[in-house]
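One structure below.
No value in this document is a laboratory result; all are computed from the given coordinates. Quick caveat: nothing in here was measured; it's all calculated off a predicted structure. Glycine also receives a Cβ, built like all others from the backbone with ideal geometry; neighbour counts cover every protein chain displayed.
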Amino acid sequence: MKGRIVTIPNLISGARLLTVPVFWWAILSDRFLMATVIVGVIGSTDWLDGYLARKLDQQTELGAFLDPLADRLMIASAVIGGLIVDVIPGWIGYPLIAREVLVGIGAIYLASKGGGKLDVRFRGKLATLLVYWAIPAFYFAEVAPARQFFLLFGWVVGAVGLVLYYWVGFEYAGDIRSRLGTTRDRQPLG
């Protein structure tokens, strides 16, 4: 099953990836309601492809690549797009981008040195969930009548999510350092 390409979870991940350019079109053409719906739907279905992969026994290598790619591209698009059109506050947007870049570089470096990939942590999943709630809240504040509610919700949930995101980022840094030390210990001396 690992080598299969066409599975229900992979189709869902692929569809989530295909919404990223639609999101950019919506946000850059001032269609905030459409952009908000896209961010909300993608955020609320973040768990769906992984759940179905396990439930239907359709876990694949492609899915293990596509699912986090779809998550990261959508979150990056929602944050960067939101910063461009002044929907996402800078205090949450810029630190999110910085953390993603740093962890991404660390993960790529780890993989290039034969250290494998980083293991997902529960706090990381929780942080992603909170960020996926906060970001759409800022978008909803632009289009919904209950602007103050959505702004307050976005600020509170976003602050907690951001703290957890960095906490897990520091844990990942420790994992990378540890794995690189283990990898060096296994390499033969030249």
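Might you report the magnitude of the Cβ-based charge dipole of segment 89-190 about its Cα centre, with Lys and Arg at +1 and Asp and Glu at -1, to the nearest 20 debye?
Numbers: 11 positive and 6 negative charges, 64 e Å.
Result for segment 89-190 is approximately 300 debye, rounded to the nearest 20.
When a/c reaches 1.5 or more, the comparison of a/b and b/c decides; with that in mind, is segment 38-85 rounded, prolate or oblate per its Cα gyration tensor? Working shown, then result.
Numbers: a/c = 5.68, a/b = 2.20, b/c = 2.58.
Here segment 38-85 falls in the oblate category.
Work out the charge dipole of segment 1-87 with +1 on the Cβ of Lys and Arg and -1 on the Cβ of Asp and Glu about the Cα centre, then indicate which of LEU17, VAL79, VAL6 is farthest towards its positive end.
VAL6
Using Cα positions and a limit of under 16 Å, work out the aspartates and glutamates in reach of LYS55, with same-chain residues fewer than 8 apart set aside.
Cα-Cα hits under 16 Å: ASP46, ASP67.
Rounded, prolate or oblate: which fits segment 48-190 when a ≥ b ≥ c are the square roots of the eigenvalues of the alpha-carbon gyration tensor, with rounded for a/c under 1.5 and prolate only if a/b beats b/c? Mind showing how you got there, number by number?
On the way: a/c = 2.60, a/b = 1.77, b/c = 1.47.
Taking the square roots of the gyration eigenvalues as a ≥ b ≥ c, segment 48-190 is prolate.
Tell me, in nm to one decimal, what length is gained between LYS117 and TYR94 on full extension, where the rule is 0.36 nm per residue of separation less the Cα-Cα distance?
Extending this stretch completely gives an extra 5.8 nm.
Anything in the chain that counts as a DSSP H helix reaching 15 Å or more along its axis (C-alpha) with Kyte-Doolittle mean of at least 0.0? List them, would you?
Those that pass (Cα extent of 15 Å or more, hydropathy at least 0.0) are 8-28, 32-44, 61-84, 90-112, 122-143, 147-186.
Using a simple charge model, +1 on the beta-carbon of Lys and Arg, -1 on the beta-carbon of Asp and Glu, nothing else, what dipole does the chain show about its Cα centre, in debye to the nearest 20? Display every interim value, and only then the final one.
Numbers: 18 positive and 14 negative charges, 110 e Å.
Roughly 540 debye for the chain.
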